Amino acid sequence: MRIRLVFESMFGNTKQIAEAVADGMSGVAEVTVEDVAEAPRELSADVAALVVGGPTHAFSMSRLSTRREAAGRGAAEGDVPIGIREWMQALPDPEHPVVFVAFDTKVDMPLMPGAASHSATRYARKRGFRVLEPQSFLVEGYEGPLVEGELERARRWGEGVGRVITGE
């Protein structure tokens with residue numbers, strides 16, 4: 001069984017979470033991890049599940065304007081042209097049953113509404129994916145770092161999601 005994990009990361013926090021999630025899932029499935037800027041916009045027939053992760057910008061998935069703002073704060077310029085929003089919009093509807101699960105990183109603030117993973121999940125459901133419950137992971141500030149313990153929590157979450165996807 002193959003799981004494809006596509007992530008967007010402006011300051012490296014979401015990339016760290018993506019790698020931890022993939023590590024957790026790797027015990028039960030083959031996991032391919034791809035940066036959204038380099039990820040092909042197609043789903044091959046051997047992909048049983050698509051995992052998508054990105055930072056929460058303005059209570060949702062990033063937009064070109066919010067990625068430009070992040071670059072102005074020191075994020076890598078190479079991450080500006082495409083985010084998970086545009087990548088998912090260009091992805092064809094699944095031709096075979098595909099499980100979808102999303103995660104995001106967001107600032108650790110009480111009562112912070114919205115999350116990129118919730119927006120991605122709503123979009124995937126409309127497109128015909130079988131969706132699982134999304135998950136948020138916390139960063140200490142706009143640029144990070146990750147809140148202590150989040151990498152281990154991401155690895156454990158990845159283990160659980162991998163078991164659900166594979167039926168183990």
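Read the figures in this text as sums done on the coordinates, not as results from a lab. For clarity, every value in this text was computed on a predicted model and none was experimentally measured. Please note: Cβ atoms are built from the backbone with ideal geometry, for glycine as well, and neighbour counts cover all protein chains shown.
Assorted remarks:
- Listed values (1) 0.94; (2) 0.98; (3) 1.29, entry calculated as Rg/Rh (Cα atoms, Kirkwood Rh): (1)
- Expected 222 nm ellipticity per residue - DSSP helices of 4 or more, -39500 (n - 2.57), all of the chain, to 500: -10500 deg cm²/dmol
- Antiparallel %, DSSP beta bridges [both residues in the chain], to 5: 5 percent
- Other residues with beta-carbon under 12 Å from the beta-carbon of M112 carry, at +1 per Lys or Arg and -1 per Asp or Glu, a net charge of -1.
- Counted by Cβ distance under 11 Å from A90, the other residues give a net charge of 0, where Lys and Arg count +1 and Asp and Glu count -1.
- Extension gain, E143-A45: 0.36 nm per intervening residue step, less the Cα-Cα distance, totals 31.6 nm.
- Under 13 Å, Cβ to Cβ, from L146 - net charge with Lys/Arg +1 and Asp/Glu -1: -4
- Potential extension, T32-D93 segment - 0.36 nm per residue separation minus Cα distance: 20.0 nm
- Between L64 and E152, residue separation times 0.36 nm minus the direct Cα-Cα distance comes to 28.6 nm.
- Using the Cβ-Cβ distance between V107 and D23 with R0 = 25 Å, the FRET efficiency computed as 1/(1 + (r/R0)^6) comes to roughly 0.55.
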